[in-house]
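Rule-based calculations on the coordinates, nothing more; no lab input. None of the values given here were measured: they were computed from a predicted structure. Here the Cβ positions follow ideal geometry from the backbone for every residue, glycine too, while neighbour counts run over all protein chains shown.
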Amino acid sequence: MAESLGIRGIGELTTFDPAHPELLTDAALVIEDGCVVWTGPQGQLPVTDAVVDVHGAAVIPGFVDSHAHPMFAGDRAAEFAARMAGQPYAAGGIRSTVARTRAASDDELRSNLARLTAEFLRSGITTFEAKSGYGLTVPDEERSLRIASEQTTETTFLGAHVVPQEFVDDPAGYVALVTGPMLQACAPHARWIDVFCDRGAFDGDQARAILQAGRVAGLGLRIHANQLQPGPGVQVAVELDAASADHCTHLSDTDVDALAGSSTVATLVPGAEFSTRSPYPDARRLIDAGVSVALATDCNPGSSYTTSMAFCIAIAVREMHMTPSEAVQAATLHGARALRRTDVGHLRAGASGDFIVLDAPSAIHLAYRPGVDCIDRVYRQGHLVHERSPL
Ligand code: NIG
Ligand code: FE
C-alpha cells in the first residue's frame, strides 16, 4: 500500500495553483508516493499513514535553481578580494578555474559537487541545474557532465564558456571543436547546451552556431546573455526559442520587448552583480513588460559563490524591486519554467513532493530577515532531506 504523509499546522501555504492563487492559511498538505495529492484547510485533512505538525510555519515549494556551475575545483577568493579593492570582473578569470579543474581527479570533482549539493539542499534547493564549462577539452567536459549527471538530470554542456588558452589565436578552431567532437562526446550526458555570449567570450554569430549545433544533437537551449555589456545574446535566445536567457543585466527596450513576446524566461542571478559589484538587472521593468522572470544562484567560484536562494530573494526584493511573492515565485515556479519542467516549482496535486518548511510564519521573512537561516526542514519527493532543528 502507498505510504502517505500529512503535513498539518501550516500557517501559510504557497502552492502557486492558478485555481487558488491566494495563500492558504491554517492549511495542510498530503504527499503520497513522492507526489502532492491534496492541499486544503487542515480541518479537512484526509487520514494519512503519518502526520507531521509544523506548528504555524510557512510552507513553500522547494527552490528550483535553474543556473549553477558546480563542476569545478579550487576557489578564487583572492580574485574576489581584489575586486572588492577595485579590480574589474572579466570573463578571462574563468581560465584560472579551468586550470584547477583540469588538474583535479574525478573524485575531487565528485566530492566538490557532493559538498555543493548538500549546501543546495540545506538552502532549500530541491532541483538544480549543473553546467560544465571549466574543462574545455573533450575529456574534461565529458567527465564534468558524466559526474554531474550522478546528482541531477538538469545537466548543461557549456564547452562555450570561454575560449581556452591553447585556442586564443584560433577561436574559430575552438568553436569547431565545441560544435563537433566535444558536443558529440557530451550530448549523451547533457539535457541542455549553453554559451557565454559576451565581451571576452563568444559573439552573437558564434553563439547562434553553437546553440544550433546543440539543438541538432537533441539538446535544449539556454544562454548567458547581456551580463557584462549590451549585446546580441537576448535576441539570439528569442530567435532560437531558448528556454532561458540568463543574467540580462544590460537590456535595451528591444530586448525587453523581444522577451515579452516569447516563451524565453529571463533568469536573473543577483549573486553575480553582488560579487562583481555591478548594477543589478531591472527586474521591475521586465515583470511590468510581461516577461517571465526566474531567480537563480549562478553558483560558481568566480562571479557568484553562493548556494543561498534566500540571499538571492532578499537582494531581488531590496535592490531589484520585486515583491517578496514575485521573488519566491521566481525562485520556484519560474525556475521550473526556465528548465521547462512542470513537475516541480509548485505544490498543485501531481507535483513532486518537494517543499520547504520555513522557520517563519510567512514567506516574506525570506527577504525581511536577510542573512538569517529560515530554512528549517526540506522535503524532496516526500522524504525529509534536511532538518535544521529536529523535532
Ligand atoms: O555566470 N558569465 C559566465 N560564467 C559565470 C562566471 C564564471 C566564472 O567567473 O568563473 C557567470 O557569472
Ligand atoms: Fe553563469
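Can you tell me how much longer the chain between D343 and D170 gets when fully stretched, taken as 0.36 nm per residue apart minus their C-alpha distance, in nm with one decimal?
58.0 nm
If each of D253 and D33 carries a label point 7 Å out from its Cα toward its Cβ, how far apart are those two points in nm?
5.3
Which whole number in µm²/s is D for segment 223-372 by Stokes-Einstein, with the Kirkwood Rh taken over Cα pairs at 20 °C and 1.002 mPa s?
138
Taking the Cβ of each residue in V216, V51 as the centre, tally the other Cβ atoms inside 10 Å and list the residues starting with the fewest.
V216, V51
How much mean residue ellipticity at 222 nm does the chain get from its helices, if each DSSP H run of length 4 or more adds -39500 (n - 2.57) and you divide by all residues, to the nearest 500 deg cm²/dmol?
Calculated from helices alone, the mean residue ellipticity at 222 nm is -9000 deg cm²/dmol.
Please identify which residues in segment 162-179 have an amide N closer than 20 Å to a label point set 7 Å out from the Cα of A99, following the Cα→Cβ vector.
162-170
Note the full-extension length gain between R318 and E3 as 0.36 nm times their separation in residues minus their Cα-Cα distance, in nm to one decimal.
Taking 0.36 nm per residue and subtracting the Cα distance, the gain is 109.2 nm.
Which FRET efficiency, nearest 0.05, do R285 and A90 yield, Cβ-Cβ r, R0 30 Å?
Values: r = 27 Å, r/R0 = 0.89.
After rounding, the FRET efficiency stands at 0.65.
With θ set to phi - 60°, apply the Karplus curve 6.51 cos²θ - 1.76 cosθ + 1.60 along segment 123-138 and write out the HN-Hα couplings as whole Hz, x wherever there is a Gly or Pro.
In residue order, the calculated couplings are 9, x, 7, 9, 9, 9, 8, 10, 9, 7, x, 10, x, 6, 10, 4 Hz.
So if we plug the beta-carbon distance of S149 and T25 into 1/(1 + (r/R0)^6) with R0 = 41 Å, what FRET efficiency do we get, rounded to 0.05?
0.50
Whole-Hz Karplus ³J(HN,Hα) for segment 257-274, in order, using 6.51 cos²θ - 1.76 cosθ + 1.60 and θ = phi - 60°, x for Gly and Pro?
4, 4, 5, 5, x, 10, 9, 7, 7, 8, 9, 9, 10, x, x, 6, 5, 4
Answer rounded, prolate or oblate for segment 91-211, using the Cα gyration tensor with square roots of eigenvalues a ≥ b ≥ c: rounded when a/c is under 1.5, else prolate when a/b is larger than b/c, else oblate.
Since a/c reaches 1.5 and a/b is larger than b/c, the shape of segment 91-211 is classed as prolate.
Of all alpha-carbon pairs in segment 54-126, indicate the percentage at a distance above 21 angstrom.
On the way: 1238 of 2628 pairs.
Of all Cα-Cα distances in segment 54-126, 47 percent exceed 21 Å.
Give the average over all directions of the projected area of the C-alpha convex hull of the chain, one decimal, in nm².
18.7
How do the peptides 44-50, 142-148, 282-288 rank, highest first, by the average count of neighbouring beta carbon atoms within 10 Å per residue?
142-148, 282-288, 44-50
Under 5 Å between amide hydrogens, which residues at least 5 positions from V265 or on another chain qualify, with H placed 1.01 Å from N in the peptide plane?
Excluding prolines and chain starts, which carry no amide H, the hits are S244, A245.
Using Cβ contacts closer than 10 Å as the measure, can you line up Y174, Y368 from fewest to most?
Y368, Y174
Evaluate E = 1/(1 + (r/R0)^6) for D203 and A118, where r is the Cβ-Cβ distance and R0 equals 30 Å; express this FRET efficiency to the nearest 0.05.
0.20
Sort 109-115, 13-19 for me by packing, meaning the mean count of neighbouring Cβ atoms within 10 Å per residue, highest on top.
The peptides rank, most packed first, as 13-19, 109-115.
So for each of 307-316, 264-273 I average, over its residues, the number of other beta carbons within 10 Å; can you give me the resulting order with the highest mean first?
264-273, 307-316
Nearest 5 is fine: what % of DSSP beta bridges in the chain come out antiparallel, could you say? Write down the numbers at each step before the final one.
Details: 26 of 57 bridges.
For the chain, the DSSP antiparallel bridge percentage is about 45.
Give me the net charge for the shell around D288: Cβ to Cβ below 13 angstrom, other residues only, Lys and Arg +1, Asp and Glu -1.
Cβ neighbours under 13 Å give a net charge of -2.
Through the Karplus equation 6.51 cos²θ - 1.76 cosθ + 1.60, θ set to phi - 60°, convert the phi angles of segment 314-320 into ³J(HN,Hα) values in whole Hz; use x for Gly and Pro.
Calculated HN-Hα couplings, in order: 4, 5, 4, 6, 6, 9, 10 Hz.
Provide the percentage of antiparallel DSSP beta bridges, counting only those with both residues in segment 4-114; round to the nearest 5.
Once the DSSP bridges in segment 4-114 are tallied, antiparallel ones form about 70 percent.
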